[in-house]
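Please read the structure below before turning to the comments.
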């Protein structure tokens, strides 16, 4: 087991193209850290630098207290699981998993013990004599993970291992990776562009954009207290709604007005706004779709909107609503408490009124795009 520490790490390609800027992070022993962000944000490049598959242009990388910038991948005591499985098609599952052990000239009885133990953990014991072509995508990914497990490395690196699987298999494999982590109890670094994977798997999440770290925190922290507009919009599905709003300070109290609807902010939010020196100004208000609630049609202290699309998702409706000057937002409405009459009224073309609780409102500076609630 090991701690991984990146200090001022940069990756610069030819023609001075910077892929990763001044990356600083300590991944603690036995921690599961997820790098997440859109395509091209530098997350896979950072993982490959940890693995030794990409040279580090500047900065230092330490694994278990040792600087490993110049160590070959084979000497770093890490194991990596790739997106495309990378299995040998002519070998059986057993031989694929055992391959790295045999390269090290490990005794066959120990090879057998390690492979069978890994197969048992992953539930692939019945497939050990099959070739990869006889396996499903999920089974192949288990074999690829098994090949990493048997090496008993200090650090597991996983580069979008579930992206080639269909939605049902991804859900299943996410649960299996969580169970695997509990059994292995080692350090994991996991890369994904899927924020659902990041939220469900990570002890901490590293959100990246354009080679920079935007925020590091637990799933709860990045969801409830996004540091800026990018994080707020990236984490959450559907993404957070953003309104052009007006913040008013009266003495020690703050209110926010959006589409004619005025909401007094909580004392907790008022304290954070005061720390930032926030005063009366235009702001961007963020409210998640699940935090918008439908009001009675005659409720004057609410926002009016026209339903554009009603997406039936089973346990909830996703209502795409236009309000104000052609601004489109989304409400997530649980169906369990909706009467048949109310559900029938939530159709395209009809108007609804909605509101939100001030305790869930996020407030951002339009100029800097930074949260005014970040202490």
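The values are calculated or read from the model by the stated rules, or taken from the named source; none is laboratory data. As the structure is a computational prediction, the values presented were derived from the model and not from experiment. Here Cβ is always computed from backbone atoms with ideal geometry, including for glycine, and neighbour counts include all displayed protein chains.
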Number of positions in segment 43-59 that are farther than 15 Å from residue 159 by Cβ and within 19 Å of the chain's Cα centre (by Cα)
0
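Given the criterion in the same structural domain as residue 78 (by TED's automatic domain parsing), surrounded by 15 or more Cβ atoms within 10 Å (Cβ to Cβ) and at pLDDT 95 or above, identify the matching residue among 155, 191. Show your work before the answer.
Values: 155 fails: at pLDDT 95 or above.
Of 155, 191, the one residue that is in the same structural domain as residue 78 (by TED's automatic domain parsing), surrounded by 15 or more Cβ atoms within 10 Å (Cβ to Cβ) and at pLDDT 95 or above is 191.
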Where residues in segment 207-220 are more than 18 Å from residue 18 (Cβ to Cβ) and part of a strand (DSSP E or B), which of them is nearest to the chain's Cα centre (by Cα)?
207
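Any chance you could count how many residues in segment 181-202 are in a helix (DSSP H, G or I) and under 25 Å from residue 45 (Cα atoms)? Even if it seems obvious, please write down each step before you answer.
Of the residues in segment 181-202, the ones in a helix (DSSP H, G or I) are 181-184, 195-201.
Cutting the leftovers down to under 25 Å from residue 45 (Cα atoms) gives us 181, 195-201.
The number of residues fulfilling the criteria is 8.
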Strands (runs of 3 or more DSSP E) wholly inside segment 1-42 that include at least 1 residues being farther than 17 Å from residue 158 by Cα and free of Cβ contacts under 8 Å to residues at least 12 places away in the same chain:
4-13, 17-27
Read through the list (1) in a strand (DSSP E or B); (2) surrounded by 17 or more Cβ atoms within 10 Å (Cβ to Cβ), then give the number of the only condition that residue 373 fails.
(1)
Only residues that are farther than 25 Å from residue 371 by Cα and at pLDDT 95 or above: list them for segment 286-305, please.
none
Examine segment 82-90 for a residue that is in contact with a strand residue (DSSP E or B) (Cβ under 7 Å, 6 or more places away or on another chain) and assigned by TED's automatic domain parsing to the domain that holds residue 148, and state whether such a residue exists.
yes
Out of 202, 146, 137, report the one residue that is more than 28 Å from residue 10 (Cα to Cα) and either buried (at least 19 other Cβ atoms within 10 Å of the Cβ) or in contact with a strand residue (DSSP E or B) (Cβ under 6 Å, 6 or more places away or on another chain) (or both).
146
Which members of segment 264-283 meet the condition of being surrounded by fewer than 19 Cβ atoms within 10 Å (Cβ to Cβ) and part of a strand (DSSP E or B)?
264, 281, 282
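What residue, of 69, 8, 24, 16, is within 19 Å of the chain's Cα centre (by Cα) and either more than 24 Å from residue 173 (Cβ to Cβ) or at pLDDT 95 or above (or both)? Write out each step before concluding.
Numbers: 69 fails: within 19 Å of the chain's Cα centre (by Cα); 8 fails: within 19 Å of the chain's Cα centre (by Cα); 16 fails: within 19 Å of the chain's Cα centre (by Cα).
Criteria check complete, one pass: 24.
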How many of the residues making up segment 117-139 are over 31 Å from the mean Cα position of the chain (by Cα) and touching a residue at least 12 places away in the same chain (Cβ under 8 Å)?
6
Any residue at all in segment 241-257 that's surrounded by fewer than 20 Cβ atoms within 10 Å (Cβ to Cβ), assigned to a loop (DSSP other than H, G, I, E, B) and free of Cβ contacts under 8 Å to residues at least 24 places away in the same chain?
yes
Scan segment 67-81 and tell me whether some residue there is assigned by TED's automatic domain parsing to the domain that holds residue 162, part of a strand (DSSP E or B) and over 16 Å from residue 153 (Cα atoms).
yes
Would you be able to tell me the number of residues in segment 55-81 that are touching a residue at least 60 places away in the same chain (Cβ under 8 Å) and exposed (fewer than 14 other Cβ atoms within 10 Å of the Cβ)?
1
Restrict the check to segment 97-106 and report whether at least one residue is in contact (Cβ under 8 Å) with a residue 60 or more places away in the chain and assigned by TED's automatic domain parsing to the domain that holds residue 136.
no
Does segment 160-176 include one or more residues that are assigned by TED's automatic domain parsing to the domain that holds residue 114, within 19 Å of residue 29 (Cα to Cα), touching a strand residue (DSSP E or B) at 6+ places or on another chain (Cβ under 8 Å) and buried (at least 18 other Cβ atoms within 10 Å of the Cβ)?
no
